[in-house]
1. Considering amide H positions built from the backbone, and no H for Pro or chain starts, which residues 5 or more places from residue B:367, or on another chain, come under 5 Å of its amide H?
2. In nm, give the distance between the simple-model label positions of residue A:32 and residue B:436, each being 7 Å from the Cα along the Cα-to-Cβ direction.
3. Where is the GNM fluctuation largest for chain B (alpha-carbon springs, 10 angstrom cutoff): B:154, B:418, B:325?
4. Going by how many other Cβ atoms sit within 10 Å of their own, how do A:60, A:66, B:159 line up, fewest first?
5. In deg cm²/dmol and to the nearest 500, what is the mean residue ellipticity at 222 nm of the protein assembly as shown if only DSSP H runs of at least 4 residues count, each as -39500 (n - 2.57), divided by the residue total?
6. Using a simple charge model, +1 on the beta-carbon of Lys and Arg, -1 on the beta-carbon of Asp and Glu, nothing else, what dipole does chain B show about its Cα centre, in debye to the nearest 20?
7. If you take every residue apart from residue A:39 with its C-beta less than 15 Å away from the C-beta of residue A:39, what net charge results, scoring Lys and Arg +1 and Asp and Glu -1?
8. In whole Hz, with x marking every Gly and Pro, tabulate ³J(HN,Hα) for the stretch A:318-333 from phi via Karplus 6.51 cos²θ - 1.76 cosθ + 1.60, θ = phi - 60°.
Number of protein chains: 2
Amino acid sequence: MDPADLIISARWIIPVEPEGQVLDDHALVVRDGRILDLLPAAEALRRYAAREVLQRPHHVLLPGLVNAHTHSPMTLFRGMADDLPLDIWLGRHIWPAEARWVDAGFVRDGTELAMLEMLRGGTTCFNDMYFFPDVIAHAVDASGLRAGIGMIVLEHPTVWAQDADEYLRKGLAVRDQFRGHPRIAMSFAPHAPYTVADDSFRQIRLLANELDTQLHMHVHETASEIDDSQKRYARRPLQRLDELGLLTPQLAAVHMTQLTAAEIPLLAERGVSVVHCPESNLKLASGFCPVSELARAGINLALGTDGAGSNNDLDMFGEMRSCALLAKGVAQRADVAPAAAVLGMATHNGAKALGLGDRIGSLLAGKEADVICVDLSAAATQPVYDPISQLVYATSRDQVSDAWVAGRQLLADHQPLLADAPAILARAEAWRARLSTSRGSVAHD
Amino acid sequence: MDPADLIISARWIIPVEPEGQVLDDHALVVRDGRILDLLPAAEALRRYAAREVLQRPHHVLLPGLVNAHTHSPMTLFRGMADDLPLDIWLGRHIWPAEARWVDAGFVRDGTELAMLEMLRGGTTCFNDMYFFPDVIAHAVDASGLRAGIGMIVLEHPTVWAQDADEYLRKGLAVRDQFRGHPRIAMSFAPHAPYTVADDSFRQIRLLANELDTQLHMHVHETASEIDDSQKRYARRPLQRLDELGLLTPQLAAVHMTQLTAAEIPLLAERGVSVVHCPESNLKLASGFCPVSELARAGINLALGTDGAGSNNDLDMFGEMRSCALLAKGVAQRADVAPAAAVLGMATHNGAKALGLGDRIGSLLAGKEADVICVDLSAAATQPVYDPISQLVYATSRDQVSDAWVAGRQLLADHQPLLADAPAILARAEAWRARLSTSRGSVAHD
């Protein structure tokens, strides 16, 4: 018998690659943090001697979900300002609150709250963009989770940096500090075409090529972004980005609610990944991302929750459901965005968008063992004809029972093993108290 | 001190009437199944001597949710056929499966599964339309839940009846049997304008007036329904229904994705309730209900999940979120369908659509005590600036801890008190096995 660290057998296993496959009564075998084998459960027990053998008889085992766009620390602003037009939400609530409250402690506490929420909901990897990426990286390191962390770049000053040069310099210092970290992938995160100048984009393009690093950016989120670009640059943002050499397979372009018929083949040709955030786009009335057309063009489509300020949760199960449902409504076709494709968006495609497609996102042998178990025995997910349909259309985040990252168990029987949940929740409550009672309160009065 | 049966104190109480109100550290006092008082918790303990006093320190207490449109037994078809155009979904999957499998046992087992799911997710009242309303009524009686149950009417034969006369006769017999039941309200449920003839509608109108009974009908669900009506009747379904006298305050018109600018004021004038089913409309690509315009016209807007065949869950928290988000995207305005209004749709407006507006749906003294508690202490719902926002935008169904109907507790610490959950789930699994293995299987092969 071959040695292994862990065997997990489950009622169903969904490897994601190949799309749509469901294996009955199989087992996943893990050694040294990687997937060693995926085979019928009975055979696994005959062939491998593992230190730990787990049985999940009412569960689906699948790759951990990849949240391809979020701003983790904004969990501390969750529900602070809702049902407002984008300009008032940003200008009167989010930006003033950020200017007043965001510091290293806020970012640490908000990131820890976000990671606790994501872990419990089956997200094992997330793609972040916020201030103090150093603090986020330290928190990710301690959590056991995996993340892409953006080196955010803006032209205007914030609490994190004064100008594009300083953002870049500080970002690269964080990158140096976490180089080679097995679970952290730093990326360049120019905020958006409307907040970053051509010179900065040119520098970022050079650096991204040189350092072989991913790009993470908000692009074509709203109609007014397009209008402003036409006025200022006499071109649409995508055209400007293309001329600057930013449209490459390294780019994860987030939102993309405003696309012409000509831009879709351009994105496909350039190999750009699109990160769709359906709930944020709906909540801020930003427009509809043409998911079915992007999929038909062969574009890599990932899925993100966006920050808790505009969602208001970091629930990838809810996001999968919203994606599958909304795509049908927008395309006026019930057969687009089928469940298996949407599950691929939330796993393998997300991994690809983060430059991790060969390491995580599906259950191929050799990949790192980022996996979750989901208990389908609840009334709301019975009976089970099709476990993939069940995950996308009926499962709630709270049915996630277990999670591993690189073979290390982080969630067992719904309980986090590393995170100190009571302390994290107490710190979140302390921030709420501070934000709510101070002058210039951002809470509902 | 005045006697009471039950005092429930909670961190927050949301009475729904008045809209948007949140009471801190209040208590609800219940006597003889009705709400006796709603007052500060400390005062409640001084003023009332109750047999039972419960404290819910991290929870919101609010009216039980009202699912204003579903087909409960279809839970047994959950996930059986997805991602298909409406005609193929209905014609090749749902109708053949119904013809082959639906009988009294199917309806009983499916209704029990649906009620278990709904209860655990905070739905204390639902509005049903399916075959064997007698079986549904018996199941509701035993469950302790509250329901509106439709006397379904079609022209074509099914396992329940052969023609409109027989549907009506059998429905009225069920109505007689359950007349005066404290938790069951029978309604007339002509299936839809395209499946019911003018003569039957005239009969139903007479009976509904005579018996002072609500009407529950699918109306304007798809564009092809409108086209077919134009061809067959030379008028849109709403015009036809108006000429037949069906547009009255008794009518709960479900779906309404196809509305002209002139039809909206007509609905308002007639006092029709509209039941919006956002997830079903999206999943079947039926079109978008103009929620913000209906609200602006002052129409009573309720919320329903539809059946699990087209949703695929009976989760009113998910439905509230989908409603609030989708309305913004469709109206291209982030300030429509605010959280408090959507919570009203899922409670008070639903009660009104079922003709129960003076009995349930808000926490006014004198109303029956249909209430739920929701635990907001999870990471995904912290911190709490605004409990109403949290319920609509961040809460999952699994956070519902307790539920009462007419003052009787049916759910305690997430566990059902009356329902035999293991037996219900075992019967659901038995149906799945039967449906999956037989020839002419409806499951994914």
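1. Answer set, sorted by chain and number: B:35.
2. My value for the distance between the label points is 3.8 nm.
3. Sorting by GNM fluctuation, first place goes to B:418.
4. On the way: A:60 24, A:66 31, B:159 15.
Taking fewest neighbouring Cβ atoms as first place, the list is B:159, A:60, A:66.
5. Details: 32 runs with 316 residues, N = 890.
Estimated from H runs of four or more residues: -10500 deg cm²/dmol.
6. Values: 40 positive and 56 negative charges, 19 e Å.
The dipole of chain B has a size of about 80 debye.
7. Details: positive: A:31, A:46, A:47; negative: A:2, A:24, A:25, A:37, A:43.
Its environment carries a net charge of -2.
8. Whole-Hz 3J(HN,Hα) from phi for the stretch A:318-333: x, 5, 4, 4, 4, 4, 5, 6, 5, 4, 5, x, 5, 7, 6, 9.
Taken together, the values in this text are just the output of simple stated rules run on the coordinates, not laboratory data. Here the structure is a predicted model, which means the values were calculated and not measured. Glycine gets a Cβ as well: all are built from the backbone with ideal geometry, and neighbour counts include every protein chain shown.
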